[in-house]
């Protein structure tokens, strides 16, 4: 347990995680109150890294549930070890033969089997998955539920029992209550809106891209061999790129990669990163269209705020502010277009 936000900040700094004061207060409250912490924000701003650093700083084991579309309870909660169950049945074969000896009918044999406890559904044959593993751990852990927005709403409903009651119900056995209280961190990249029921059970914090000063401190810690002036230049380049309507804004980890790349390319002082800017974009941008837009904008803008880049043919202007929130905006736009087409279809067929 951390005594204060300042103690937490210092402990995270020991793991090379630089956290701003407001964020540190919320994380401290989550650990002190033992409440789940939901972090929402664009990809690459340090949400997952916080859980890793928090586990390392507190000496707790990190248990990670990586969410994805189609995730079910067999991957998130538990499943049965059918191989061990089969071996158990084979060992019981002789004993079952003795038990059924003397039975005259199938119904009598079946009734006698039902009356016996074969021991197939016990904790010995249970394979805990991340959620149950975190609750069964005798030592407190950090449970990371990463990219929870990628799952279906049914998985959110499954999470509620774990988050609110700190328990998991296995129908064949009963309810497992937490043997220790995990610190739970959930992350979301905003690919869809999370349910109010899930949000209600969590403390919430919106994580954005850091200020240039804090990002410079982060990159300097993670890439200590890179000159400070070069780090500052790469961070400034990333800031300018994030102001553009990109499909994917540069993440902090990509800025670290770009800083290291600048050092490999021989940049050792201020201004030299600009000479290899085209190469640095390979680390910062991951879509060809983003690279084209960046080169067009940066070539026509010396950083003093040039005119807005015109949208390329075939690509509408992006009116969404910032990188975060575009997932839902795009989904809403797609849904509206589909609805309009369906309405027009019905009108043509006289079904309005």
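A compact table of results
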quantity	calculated
Output for segment 187-212, where each listed residue is under 15 Å from the mean Cα position of the chain (by Cα) and in a strand (DSSP E or B)	187, 188, 204, 205, 206
Flag for residue 29 being touching a helix residue (DSSP H, G or I) at 6+ places or on another chain (Cβ under 6 Å) and in a helix (DSSP H, G or I)	no
Test result for residue 46, in contact (Cβ under 8 Å) with a residue 24 or more places away in the chain and either surrounded by fewer than 19 Cβ atoms within 10 Å (Cβ to Cβ) or under 30 Å from residue 216 (Cα atoms) (or both)	yes
Where residue 184 falls short, out of the listed (1) closer than 19 Å to residue 31 by Cβ; (2) modelled with pLDDT under 85	(2)
Matching option when the condition is in contact with a helix residue (DSSP H, G or I) (Cβ under 6 Å, 6 or more places away or on another chain) and loosely packed, with under 14 Cβ neighbours inside 10 Å, among 258, 270	270
Of all residues in segment 56-74 being part of a helix (DSSP H, G or I) and over 27 Å from residue 157 (Cβ atoms), the one that is nearest to the chain's Cα centre (by Cα)	56
Criterion: farther than 17 Å from residue 222 by Cβ, buried (at least 20 other Cβ atoms within 10 Å of the Cβ) and touching a helix residue (DSSP H, G or I) at 6+ places or on another chain (Cβ under 6 Å) - qualifying residue of 246, 280	246
Residue tally, condition farther than 14 Å from residue 81 by Cβ and part of a loop (DSSP other than H, G, I, E, B), over segment 124-140	4
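The values are calculated or read from the model by the stated rules, or taken from the named source; none is laboratory data. Because the structure is predicted, anything quoted here is derived from the model rather than measured. For neighbour counting, all protein chains shown are included, and Cβ atoms are generated from backbone atoms with ideal geometry for every residue, glycine included.
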